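**Q** The structure's right below; bear with me while I get my questions together.
Bear in mind these aren't lab numbers, they're just calculated from the coordinates by the rules spelled out. Since we're looking at a predicted model, the values are computed, not measured. Here the Cβ is made from the backbone with ideal geometry for all residues, glycine too, and neighbour counts use every protein chain on show.
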Amino acid sequence: MRGGGEAPAGGAGRTRRRIGIVDVAAAAGVSRQTVSNVLNGREAYYSAATFENVTDAMRRLGYQPNRAAQTLRSRRTMQIGYHIFGEQLDRAQGFTLHFLLSLIKAGAEVNHQVLVFTHHREDPLGVFEDLVARHAVDAVILSESGVEDERARFLADNHIPFACFGRLAPDLPQHWVDVDNVTGMGTIVDMLVVEGHRRFAYLGADGDQYWKTERLDGFTRRLAHHRVRLPKTSVFRGPDQGVRRRARQLLTGKNPPSAIVTGSDAVAAVVIGVAHSLGLKVGTDVAVTGFDGGGVALATDPTLTGARIPVERISHELVTRCLRQVERGHDDDPGLLLPTELVRGGSA
C-alpha cells in the first residue's frame, strides 16, 4: 500500500490496489510532496490553482487519506477544535448552523476534522485546560470572540495555535478574521435612500457585543450622511418579544417607517412576521432588511435583502491561519477585515 490511501482501484474479480498519493500526484501532474503539502495544509508551498488541481484529482480517484497513518507520522491529531457558547447551541440560529457547516467543510478540504465543544458555566476555561493536557486538537477556533477574550488570552499564554471569528485587543496575537459591519450597514442605507425611503427605523437584538454596536453606528452615520432625520423612538434593541412589540408599535403608529433596517436576519424574520400579521405586504408596504445572509434569509417570505457575511471565505481563512501556526509556530500577521456583500431579495 502506497501513501496510506484508503480507496481501492482496479478491475472486478481481482485484488484491487489501493489508491495512494503517488496516484493522486500522477493524476494532478504534481510531485508526491506537493500532494502531501496539500493534505497537511502547508499552504506556503502550493498555489490556489495547485490546491484545486490536487483536490479535484482526489475526488476523481476516490482517494481517502489514512488519518491514523498521518497522525502517527506527524504526531498531530488532524483535528481543529471549535469552541461555541452554550447559548449559541440553545438558540440554534440559522447563521450559527451555516457557519458551522462551512467550517467543517473548510477543515475537510485540508483533511482535518472539526471538533465542536462548549464549556461548563462555572469553569469556562476548564475545557481548554483539558484539551491542552490531552493534546486533543492541533489548534482552536473561537466563535463570537470579544475584544478582551479570556479564551484567546489562555491559548496565547499556552502557545496553542488559534484563530478567532471576531477582533481581539491589540496586546493579543491578531489571529482574527471579521467583517466590516459599519460599511456593510452603510451600503444597505445607501440602497434604501436611492430607492426613495426617508422614514427609517432600526431594530436589533440586545447585548453589548461590539458588532451589534457597529451595525447600529453604521446605520445612524449613513443616515446622517444623507441628512435623513431619525427619531429616537425609531431605534430599539432588545429581546425578541421586545422587538415584536416595538415593530407593531412602529407599523401601527401615526407616521410608520417605510423601511425597517435590522441588525440580523433573525430580527428581520421577527419583523416580517409582525408585518404579515398586520396585513402588510413586505417589500411593498414596508421594506425590511437583514444582516447575515444565512439560511434564515432564504426561509423568510419574501426572501431577505441585506448584507451577506462571507462565511465560506471566513472559514477558509480561520482554518488556514490555524494550520499555518501549527506548521511554523507563532506569526505576527495582522487581523483580516472582510467586506460584506449586498444581496437583494424581495423584502426591500
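**Q** Can you give the helix-only mean residue ellipticity at 222 nm for the chain, where every DSSP H stretch with n ≥ 4 adds -39500 (n - 2.57) and the sum goes over all residues, rounded to the nearest 500 deg cm²/dmol?
**A** -13500 deg cm²/dmol
**Q** Measure out, as a whole number of angstrom, how far apart the alpha-carbon centroids of the stretch 104-127 and the stretch 164-184 sit.
**A** Centre-to-centre distance over Cα atoms comes out at 19 Å.
**Q** Each label point is 7 Å from the Cα along the Cα-to-Cβ direction; what then is the distance between the points at Thr252 and Asp206, in nm?
**A** Result: 2.2 nm between the two label points.
**Q** With labels modelled as points extended 7 Å from the Cα through the Cβ direction, what inter-label distance (nm, one decimal) is found for His120 paired with Tyr45?
**A** Each label point lies 7 Å from its Cα, and together they span 4.2 nm.
**Q** Right, here's the next one. Taking the highest mean first, how do the peptides 297-305, 18-26, 129-137 order by number of other beta carbon atoms within 10 angstrom per residue?
**A** 18-26, 297-305, 129-137
**Q** Next up: Just the Kirkwood number for the stretch 171-241, please: inverse of mean 1/r across all distinct Cα pairs, in Å, one decimal.
**A** 13.4 Å
**Q** While we're here: I'd like the distance between the alpha-carbon centres of the stretch 281-339 and the stretch 189-257, rounded to an integer number of Å.
**A** Answer, in whole Å: 21.
**Q** Could you work out the relative contact order of the stretch 202-348, using alpha carbon pairs under 8 angstrom and six or more residues apart, expressed as a whole percent?
**A** Relative contact order comes out at 21 percent.
**Q** When the Kirkwood hydrodynamic radius is evaluated over all pairs of different C-alpha atoms of the chain, what value in angstrom, to one decimal, is obtained?
**A** 22.4 Å
**Q** Taking just the C-alpha trace of the stretch 189-348, give me its Rg and Dmax in Å.
**A** Reported Rg and Dmax, both Å: 17.7, 63.
**Q** How big is the C-alpha Rg of the stretch 301-348 next to the rule-of-thumb value 2.2 N^0.38 Å, as a ratio?
**A** 1.68
**Q** Sort 221-232, 172-183, 282-293, 337-348 for me by packing, meaning the mean count of neighbouring Cβ atoms within 10 Å per residue, highest on top.
**A** So the order, starting with the most tightly packed, is 282-293, 172-183, 337-348, 221-232.
**Q** Could you give the nm distance between label points at Ala133 and Leu342, where each point is 7 Å from its Cα heading toward the beta carbon?
**A** Once both label points are built, they end up 5.4 nm from each other.
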